[in-house]
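What follows is a short report on a single structure.
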Amino acid sequence: AAIWTRSDAYHNTHLIADPAPGLEAALSESKAEGLPEIAVSAAQGKFLNLLIRTHGWKRVLEVGTLGGYSTIWMANAIPADGKIVTLELSDKHAEVARKNVANAGHAGKVEVIVGPALETLPGLSPDPPFDLAFIDADKESNTEYFVHAKRLVRPGGAIIVDNVGRQGNVADETNTEPRLEGVRRLLRYIKEDKTVDATTIHTVGDKGFDGFLYAIRL
Ligand code: SAM
């Protein structure tokens, strides 16, 4: 809605007036390359960045790279000896992301792994473990990604899942769209899972009405 976009933009003019180099370029390069405009918002990217800095996290797993916009926000928060492993299905998206990440000065910190995440996740080791997993890919496989994320983050580590609100449609069980069912299946899974604790923060802004699910591994 226009009012959310206006409010997001207003706050951003004060709090994200001068985004780090490479971020705006990543968006414009992604657009020029024909990638869909479905990256996190600037405010959400900055939230991930601040969270990482709050905790001094160094190792991040991302599922769903797109053009590397969220990756760069997180890489900006991580020290030189930190690492982001980011998984992407599309060769094209990965290629654009690698270019954007290098342009932002983070090539040494970021590894982009190409392939279906269900096939690349089993090859990742929890030794050393990740501090944070950010899940933002095909929503149908959210639960499988979450199970892998639990295996890969350390106890006390966090798992964030994007797009769990979907204009409120997740809560409308008469709408059986697969990506909505993917979020519901994850919610049912977490409800029964005694090894995590979680909450959803609904978000509004220039990406509409949606939500971040925030979980910690106990
Ligand atoms: N995190 C990115 C950001 O905020 O800048 C946005 C990611 S976008 C919403 C979702 C990405 O997940 C797309 O680039 C898509 O190609 C990728 N994706 C879709 N299915 C996937 C799969 N099975 N494995 C890995 N990546 C997948």
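Values in this text are rule-based calculations from the coordinates and carry no lab data. Quick caveat: nothing in here was measured; it's all calculated off a predicted structure. Counting neighbours? That spans all protein chains shown, and the Cβs are built from the backbone with ideal geometry, glycine included.
The amide H of residue 211, built 1.01 Å from its N in the peptide plane, has 163, 164, 165, 166, 203 as neighbours under 5 Å, considering only residues 5 or more places off or on other chains.
Distance between the 7 Å Cα→Cβ label points at residue 20 and residue 218: 3.4 nm.
Taking 19 Å as the limit for the C-alpha separation, the pairs 150/207; 31/99; 31/92; 46/207; 109/207; 83/191 exceed it in the case of 150/207; 109/207; 83/191. Note that segment 94-218, at 20 °C in a medium of 1.002 mPa s, gets a Stokes-Einstein diffusion coefficient of 137 µm²/s from its Kirkwood radius over C-alpha pairs. In the chain, the DSSP-assigned H stretches of four residues or longer account for a calculated mean residue ellipticity at 222 nm of -12000 deg cm²/dmol, using -39500 (n - 2.57) per stretch and the full residue count as denominator.
Hydrodynamic analysis of the chain uses the Kirkwood radius over alpha carbon pairs. Inserted into Stokes-Einstein at 37 °C and 0.692 mPa s, it gives a translational diffusion coefficient of 188 µm²/s. The residues packed around residue 210, meaning those with a beta-carbon under 10 Å from its beta-carbon, carry a net charge of +1 if Lys and Arg are +1 and Asp and Glu are -1.
If each Cα of segment 1-88 is one equal point scatterer, what is log10 of I(q)/I(0) from the Debye formula at q = 0.19, 0.23, 0.25 Å⁻¹? With no solvent term, the Cα-only Debye profile gives -0.93, -1.23, -1.33.
Distance between the C-alpha centres of segment 111-157 and segment 36-102: 14 Å, rounded to the whole angstrom. Put in order of Cβ neighbour count within 10 Å, fewest first, the listed residues 209, 134 become 209, 134. Among beta bridges from DSSP that stay inside the chain, the antiparallel ones total about 45%. Each Lys or Arg adds one and each Asp or Glu subtracts one; over the other residues with Cβ under 9 Å from the Cβ of residue 58, this totals 0.
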